[in-house]
């Protein structure tokens, strides 16, 4: 699936340039023109990367970044800060607040795209891969096979899609609603408790040979594939 980029920018012309270039680079996009809308989309859309203008109305990019880093569901979500503020103190403040990268306007669209790809390679190492692996789990996407510590793991189609989603983003916490959107799709009506059923089946399949449980449950937040779960 193409990575989803959230673009938060209040200047219409700049927003359209960013959206056009991101989609031309084969990314999906969602957009926001103020900070409150951006926070709502971060919670609802599960973007793979957030692009924040520093001086957004209602809620600044710095405050959005601070709130993201305080929540377990978004603490590791990559953030690029875009701003006209080029002073060293501003760059330091942006990075210390939790931004992963910082670009001063005006900037090259090609450079921005290169930085986005570099961040996504770190946060979604399996983006273009035929094989995904994490903590002894290996998934061969082409042959639809999964193993853990070299022992074959039998999964149904939904559990396979769910595991693939987790393997592309290890450590990140996803709510039931976010998993429904990403694994089942937005056009399919499924009750949120159905997620718990398939999580339980995935857990059983991955621990069948006595391996430790690698799926972390975060009370009130959701689930994550996390080697430190136990």
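The values are calculated or read from the model by the stated rules, or taken from the named source; none is laboratory data. All values derive from a computational prediction rather than experimental measurement. Reconstructed Cβ throughout: ideal geometry from the backbone, glycine too, with neighbour counts over all protein chains shown.
Quick notes on this structure:
- Out of 16, 9, sole residue that is loosely packed, with under 15 Cβ neighbours inside 10 Å, modelled with pLDDT of 90 or more and assigned by TED's automatic domain parsing to the domain that holds residue 101: 16
- Looking only at region 146-173, and only at residues there that are assigned to a loop (DSSP other than H, G, I, E, B) and in contact with a strand residue (DSSP E or B) (Cβ under 7 Å, 6 or more places away or on another chain), the one that is surrounded by the fewest Cβ atoms within 10 Å (Cβ to Cβ): 171
- For residue 102: the one exception among (1) buried (at least 19 other Cβ atoms within 10 Å of the Cβ); (2) more than 17 Å from residue 178 (Cβ to Cβ); (3) modelled with pLDDT of 90 or more: (3)
- So residue 72, is it surrounded by fewer than 19 Cβ atoms within 10 Å (Cβ to Cβ), assigned to a loop (DSSP other than H, G, I, E, B) and at pLDDT 90 or above: no
- Taking first residues from region 106-123 that are loosely packed, with under 12 Cβ neighbours inside 10 Å and partners that are assigned to a helix (DSSP H, G or I) and modelled with pLDDT of 85 or more, the Cβ contacts under 9 Å between residues at least 6 apart in sequence or on separate chains come to 108/114; 110/21.
- Meets criteria (surrounded by fewer than 21 Cβ atoms within 10 Å (Cβ to Cβ), modelled with pLDDT of 90 or more and not in a strand (DSSP E or B)) for residue 22: no
- Among residues of region 75-98, those that are within 18 Å of residue 43 (Cα to Cα) and at pLDDT 85 or above, counted: 4
- Taken together, the criteria place residue 33 among residues that are more than 23 Å from residue 175 (Cβ to Cβ) and surrounded by 15 or more Cβ atoms within 10 Å (Cβ to Cβ).
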